[in-house]
Amino acid sequence: MSDAIAKTAHKAGSTAVQRCIVSGCAAAFGIREQIYLCSRCGGPLEIEIPLELLKSVPDLRERWQARAASHDPRDRSGVWRFRELLPFDNDAPVVTLFEGNTPLYDAPRSAEYAGLAALRLKHQGCNPTASFKDTGMTTAVTQAKLLGARTVVCASTGNTAASLAAYAARADLQCAILLPQGQISPAKLAQSMDYGAVVCEIAGNFDDCMRLISELADVPSIYIANSINPFRIEGQKTVAFELLEQCGWRVPDHVVVPGGNMGNSSALGKGFDEMLRLGLIDRLPKISIIQAEGSAPLAHLFAGLKPSEIAADAALPDDIVPVMHPRTLATAIKIGAPVSWKKALRAVLRTHGSIITVTEQEIADAKAIIGRDGIGCEPASATTVAGIRKLTASKKIHAGESVVAVLTGHVLKDPDYVSHYHRGTLSFESVTEEGTAKTVHIAGAFRNAPEKVAANKEAILKSLENRR
Ligand code: F0G
């Protein structure tokens, strides 16, 4: 690449702006302004990269691919490899744990279970802190350093916290995390403690923690790293680029993700959209979001939209009705008032995808089936395969189409859940229509409990014979 072209390529990042997504406002702000919402109308912000500058840059795809074999720390990151599309100067001091570059697996058993000829699983649990959050945290914490923040904070159902705590430690920043007390997997909590974060257990749910976080937004030394922060989304969007690269730049028909606070679906939508606008792909995959039945505000909103409201360019609704007491054993997505719902809905509408719910039993069984493919994920991630099964049954996805499910977290994030499922002791606190509490037993349809075996060869062989 000539010097002139390289300069143009790197200029894109440094001339990006933060833009309000509310049509009719569309206010623009500098990329080093420490704001999280539009200071004119309060709408969500997103980063606008001047893609026209990059259109003249030849061989971007080859350039990104070649970096994967380089030893430059930025090239070893699956996020910074795509730095022409990130809102930073070329010489920004990046905070990285070599995130991204995660595997895309074929999953034949999961495919059969879901009613498909083939299914691929993009395993974001193979990141440094074992969830997809790392791809966004590398950019958010790099931005925190550039802004001169002293403390980084987030509300979390566990994974965002673990990730932020790790990146803050790398960057030598103080980190405070707000967690709903007693509603976090102990494995995730242990990570945050180990990485040295100030762990604040809040008497309330995730949505209460998120409200407290927004009250901290006006303290200049504090930087918020939840996905309302558009710099998180910038890192997370690179998963779309990496996935396309792994698919040989053949666009999958469907990409299916779990939905919680809705940063992931928003980010994938932005990533694919940028690739389309750069002319590196010629169509978009349909993006579908799956929510747990007891924590599904966006699926409820989507189900209630009129045909005119689901057009690709339809105006977005102003409000969402929050779920006041979200419930699910998939604690990662136990969220009633998702902050990024507008961006996520926009991505689904633009790509003609769906937003649906799955039950606790469906999540648990799908998780066990994914396990039988030799791939371990946490419960929230398994909503994808459960959801694909439903979308196949309702003919929204056809058996021969190419489908990618994004697994968001590693199986060891929530070992108690796995153990209870396989031992047949998993249960869920639900409420009846009259509002009374009831305990629902989750059957271990694919359970695989340990058995007591005598300490001799014959007993072991007999045990194997019995399980053939
Ligand atoms: N899967 C896992 C494993 C998660 O941890 C989360 C979100 C999601 C899916 C949903 O992604 O919020 O981008 O729609 N976890 C957040 C947290 C809320 O605090 O760790 P989303």
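Let me check I've understood the local charge: for A144, count other residues with C-beta under 13 angstrom from its C-beta, Lys and Arg +1, Asp and Glu -1. What total comes out? Charge balance near A144 sits at +4. Across the options L464, V358, P220, the greatest Cα extent toward the positive end of the charge dipole of the chain (unit charges at beta carbon of Lys, Arg, Asp, Glu) belongs to L464. Here is the list for segment 387-466: GluC sites (Glu not before Pro) lying in DSSP coil, each with at most 10 other C-beta atoms within 10 angstrom of its C-beta, are E433, E434, E451. So if R0 is 25 Å, what FRET efficiency would A118 and H441 give, r being the distance between their Cβ atoms, rounded to the nearest 0.05? E(calc), rounded to 0.05, equals 0.15. Net charge of the neighbourhood of A386, taken over other residues with C-beta under 15 Å away and scored Lys/Arg +1, Asp/Glu -1, is -1.
Database remark: amide H of A27 closer than 5 angstrom to the amide H of C20 (H placed geometrically; neighbours at sequence offset of 5 or more, or on other chains; Pro and chain starts carry no H). Taking 4.7 Å between C-beta atoms as the pairing limit, the chain has these partnerless cysteines: C126, C154, C175, C200, C209, C247, C377.
Computed over Cα pairs, the Kirkwood radius of the chain leads via Stokes-Einstein (1.002 mPa s, 20 °C) to a diffusion coefficient of 95 µm² per second.
The amide H of I47, built 1.01 Å from its N in the peptide plane, has R19 as neighbours under 5 Å, considering only residues 5 or more places off or on other chains. Couplings 3J(HN,Hα) for segment 108-118, derived from phi with the Karplus relation 6.51 cos²θ - 1.76 cosθ + 1.60 (θ = phi - 60°), are x, 5, 5, 4, 4, 4, 8, x, 10, 6, 8 Hz, where x marks Gly and Pro. Taking amide H as placed 1.01 Å from N in the peptide plane, T357 has its amide H under 5 Å from the amide H of Q291, each at least 5 places away in sequence or on another chain.
Once the mean of 1/r is taken over each pair of separate Cα atoms and inverted, segment 311-468 shows a Kirkwood hydrodynamic radius of 18.4 Å. Rounded to the nearest Hz, the phi-derived 3J(HN,Hα) couplings of segment 233-240 under the Karplus curve 6.51 cos²θ - 1.76 cosθ + 1.60 (θ = phi - 60°) are 4, 4, x, 5, 5, 5, 4, 5, where x marks glycine and proline.
Express in nm, to one decimal, how much length is gained between A69 and N448 on full extension, taking 0.36 nm for each residue of separation and deducting their alpha carbon distance.
The A69-N448 span can extend by a further 132.4 nm.
Annotation: segment 5-88 has a Kirkwood hydrodynamic radius of 14.1 angstrom, from the mean reciprocal C-alpha pair distance.
Summing +1 for each Lys or Arg and -1 for each Asp or Glu, what net charge is found among the other residues whose Cβ lies under 11 Å from the Cβ of G158?
+2
Entry for segment 271-353 at q = 0.20 Å⁻¹: log10 I(q)/I(0) = -0.93, Debye formula applied to identical alpha-carbon scatterers, no solvent contribution.
All of the numbers you see were taken from the coordinates with simple rules; none came from a lab. Since we're looking at a predicted model, the values are computed, not measured. Glycine also receives a Cβ, built like all others from the backbone with ideal geometry; neighbour counts cover every protein chain displayed.
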